[in-house]
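Following: one structure in structure tokens, then a few remarks.
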Amino acid sequence: MAVLRPYPFGALVRRALRELDEQQSLFDLPVARGFLGDPAIDLSVSVHGHRASSPYGPAAGPQSQLAQNIALAWLGGARVIELKTVQVIDRLTILRPCIDMQTVGYNVEWSQELTLDESLVEYVKASMLLEILVASGRLALAPGFAATVFDMSVGYDLAGIRSETVQAFIRGLGDATTIVDRLRREIPDEYRAFRDLPFATRISDTLTLSTFHGCPPDEIARMVDHLLRVNGLHCVVKLNPTLLGATETRRLLHDVLGYHELRVPDAAFAADTTWTQMRDFVGRLGETARGLGRGFGVKFTNTLVVENHRDFFPASAREMYLSGQPLHVLAMSLVGRFRREFGDEVPISFSAGIDRHNFADAVALGLVPVTVCSDLLKTRGYARAQGYFASLVERMRAVGATTIDGFVTATAGLPPGREGEARVRNTEAYVSRIAADGRYSREGTKAVPRKIGRHLQLFDCITCDKCVPVCPNDANFTFTIPAMALPIERVAWDGTAWRATTTGTLQITERHQIGNFADFCNDCGNCDVFCPEDGGPYVLKPRVFGSVEAWDADAPRDGFHLAGTTASCQIHGRFQGREFVLVTHRDQVSYRGEGFDVVFERDQCLETLRGTAQVEVDLTYARIMDWLRVALLDARAVTYITCLDEAVDVTPRADRRRAPHRDAEGIA
């Protein structure tokens, strides 16, 4: 199973700042495709008394579990970061693939894939990286557009939340002084000036409780009460769409929207909180929070449990979790019902099927924050948020609003000072029309990404590059290998000389290639959904690891690890489960695998070949690894590989370098 491996903080800083300087992009997202604010409009909102420069953020999900994900969301304009949910069980086995965005959105993953300790450090790294980006002056941020709120998310029962490991995580985000001091020292020497920044050490004092499906209402209340009283946190409780009840949920899904294939198990309604139970604990917890001087709110909604009727996920996944357009209608229906009962008294956070068409509507309802997951998994990835803000700013200008509150009241046709009434009025107007909008129907979401009937290979594809931005972890990347034709060549020692045979040609023709930084790839499968070719870039393209230990642990799957420079390097490669090591020093090449160990000069392979070989030696693999050396270790390239601090002694052994070519057994 794929294992996510956090990237060293020093290398992360180097990658971010070098890329901004040399390519005007951040983790493969061009700055021009982000959103840096609008100097004429104040998009800020209040989150439990904290100022956030915009109401947008990533939902607790794949866009908020690694530091570079958070930075990418932030470049897109996110200023409320809902960190991916953690729990006491932090070594999970998750089915792969786990994300299906072919149509509306399904998944079978639901919690952070890092350990609690790794998650804590990763979130602190993200906070520090954002502060460095702001202090560097490399981004032309609008005045006041840097204010960011980190919102932690935990689950899923009281025993887990009270455990020492989860409590240590919460305390760590409340006071990250020790971690900040350690990471401060890891900032590379070339950027040492940033070591003296007054980094925040209180990363978060707000929390969204993920209740998951089937959590008893009394348990929900006890968890929030504990977090309010013991941890002193501002709290939001995430609620499930099953609050609508079985009849209304199925009516909307089947009769109104036309998703007749979606079957919500009866058990989902039997186990989940009812509306009456929710009404009771929301009232009680709100009173508790006010008495403690803390904030309390609700979030609509969690995903919806449905039966797995598709063949994308492993057959063992009997259920999956629905997101996207149909969930938007369900969640907004709940927002409407909630506002009819509670008015504007209880703050509402929102996440369900948000995109550029409805983001401004959600903001007009006074929902804070408005978080996104599924839409960011589609083509263009994090860059899609630019469209959210373009729509919002256009709508604000159309009504003459320069603040979010002004937009809310102007949308409702009310004067300033009547924001609460405006939020309720806007909610009723939006909810009353949303179900009839064809964009949310089965007919409106049936199109799937186009496939061209061609199968991916290790090199060359149509180079549409869709796989790069749709990866939430920025695992996929492009690199260049010059066009060439390479003979597929094998050599064998016949007892007196080396004999070569050629069985075809390996050609490189495309303008660039696709690679996969395997440390960041969790085999979610999303790039396969949007790739026009079959097979999956995350499976078939060169998979490169950040350490030889990670490469070794991933056996028997194919992949590579490179260490050193283009002049002197060591490469571990695995092809069809067979392992090889290539060591280069200037023009001298050492190449070994099971049953052989040879050396040769790069440009005169057959003439200088020497060593030992009890098997036929496929030189094609050596050539491929040498291509990767040139492409991936070029010091001018800004990649996750070149930004690592990793040195290796790759000087070939002198005894093999002096080995005679005509040794009777090919032994050096």
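The values are calculated or read from the model by the stated rules, or taken from the named source; none is laboratory data. Bear in mind that the values here come from a model prediction, so they are computed numbers and not experimental data. For neighbour counting, all protein chains shown are included, and Cβ atoms are generated from backbone atoms with ideal geometry for every residue, glycine included. Ligands, DNA and RNA are stripped out before the accessible areas are found, and what is left, the full protein with its side chains, is counted by its heavy atoms. Shrake-Rupley method; radii C 1.70, N 1.55, O 1.52, S 1.80 Å.
Of all residues being hydrophobic (A, V, I, L, M, F, W, C) and part of a helix (DSSP H, G or I) in segment 524-547, which is nearest to the chain's Cα centre (by Cα)? Just the residue, please.
Cys527
With the checklist (1) more than 14 Å from the chain's Cα centre (by Cα); (2) modelled with pLDDT under 95; (3) closer than 30 Å to Thr115 by Cβ in hand, flag the one item Val3 doesn't pass.
Evaluating Val3 over (1) more than 14 Å from the chain's Cα centre (by Cα); (2) modelled with pLDDT under 95; (3) closer than 30 Å to Thr115 by Cβ leaves (1) as the failure.
Any residue at all in segment 105-121 that is surrounded by fewer than 24 Cβ atoms within 10 Å (Cβ to Cβ), touching a Cys at 6+ places or on another chain (Cβ under 6 Å) and among the aliphatic types (A, V, I, L, M)?
yes
What number of residues in segment 263-285 are in a helix (DSSP H, G or I), surrounded by 16 or more Cβ atoms within 10 Å (Cβ to Cβ) and of a type in the set (Val, Ile, Thr)?
1
Just for segment 552-582: of the residues that are in a loop (DSSP other than H, G, I, E, B) and hydrophobic (A, V, I, L, M, F, W, C), which one is surrounded by the fewest Cβ atoms within 10 Å (Cβ to Cβ)?
Result: Ala555.
Quick check on segment 283-302. Is at least one of its residues out of contact with any Asp or Glu (no Cβ under 6 Å at 6 or more places or on another chain), aromatic (Phe, Trp, Tyr) and within 23 Å of Thr371 (Cα to Cα)?
yes
Pick from Ala140, Ala168: which is small (Gly, Ala, Ser) and within 23 Å of Ser44 (Cα to Cα)?
Checking each option against the conditions leaves just Ala140.
Consider Leu365 carefully, then state whether it is open to solvent by less than 10 Å² (accessible area, probe 1.4 Å) and closer than 25 Å to Ile99 by Cβ.
No; evaluated as a whole, the condition is false for this residue.
Looking at (1) part of a loop (DSSP other than H, G, I, E, B); (2) open to solvent by less than 60 Å² (accessible area, probe 1.4 Å), which is the only condition Leu227 fails?
Evaluating Leu227 over (1) part of a loop (DSSP other than H, G, I, E, B); (2) open to solvent by less than 60 Å² (accessible area, probe 1.4 Å) leaves (1) as the failure.
Hey, Leu130 hits all of (1) farther than 22 Å from Pro326 by Cα; (2) open to solvent by less than 20 Å² (accessible area, probe 1.4 Å); (3) modelled with pLDDT under 95 but one; which does it fall short on?
Here Leu130 clears every test but (3).
Kindly list, by first and then second residue, each pair from a residue in segment 520-533 that is under 12 Å from Val468 (Cα atoms) to a residue that is of a type in the set (Lys, Arg) and open to solvent by 10 Å² or more (accessible area, probe 1.4 Å), limited to pairs with Cβ atoms under 7 Å and residues at least 6 apart or on different chains.
Matching pairs, first to second residue: Phe530/Lys466; Cys531/Lys466.
Just name the residue that is most open to solvent (accessible area, probe 1.4 Å) out of those in segment 604-645 that are among the acidic types (Asp, Glu) and in a helix (DSSP H, G or I).
Of everything passing the filter in segment 604-645, Glu607 is most open to solvent (accessible area, probe 1.4 Å).
Taking the condition of being assigned to a strand (DSSP E or B) and either among the aromatic types (Phe, Trp, Tyr) or free of Cβ contacts under 8 Å to residues at least 40 places away in the same chain (or both), how many residues in segment 488-519 meet it? Walk me through it before giving the result.
Residues of segment 488-519 that are assigned to a strand (DSSP E or B), as a first pass: 488-493, 498-508, 513-517.
Imposing the further condition that a residue be either among the aromatic types (Phe, Trp, Tyr) or free of Cβ contacts under 8 Å to residues at least 40 places away in the same chain (or both) reduces the set to 493, 498-499, 501-505, 517.
Residues flagged as assigned to a strand (DSSP E or B) and either among the aromatic types (Phe, Trp, Tyr) or free of Cβ contacts under 8 Å to residues at least 40 places away in the same chain (or both) within segment 488-519 amount to 9.
Kindly indicate whether any position in segment 418-428 is in contact with a Ser or Thr (Cβ under 9 Å, 6 or more places away or on another chain), free of Cβ contacts under 8 Å to residues at least 24 places away in the same chain, over 22 Å from Asp38 (Cβ atoms) and assigned to a helix (DSSP H, G or I).
There is at least one residue in segment 418-428 that is in contact with a Ser or Thr (Cβ under 9 Å, 6 or more places away or on another chain), free of Cβ contacts under 8 Å to residues at least 24 places away in the same chain, over 22 Å from Asp38 (Cβ atoms) and assigned to a helix (DSSP H, G or I).
In segment 7-30, how many residues are part of a helix (DSSP H, G or I) and open to solvent by less than 30 Å² (accessible area, probe 1.4 Å)? Before you say what the answer is, go through the steps one by one.
First, pick out the residues of segment 7-30 that are part of a helix (DSSP H, G or I): 9-23.
Checking the rest, the ones that are also open to solvent by less than 30 Å² (accessible area, probe 1.4 Å) come to 9-17, 19-20.
So the answer is 11.
Select, from Ser153, Ser163, Ser210, the only residue that is in contact with a Lys or Arg (Cβ under 6 Å, 6 or more places away or on another chain), within 19 Å of Ser119 (Cα to Cα) and open to solvent by less than 40 Å² (accessible area, probe 1.4 Å).
Ser210
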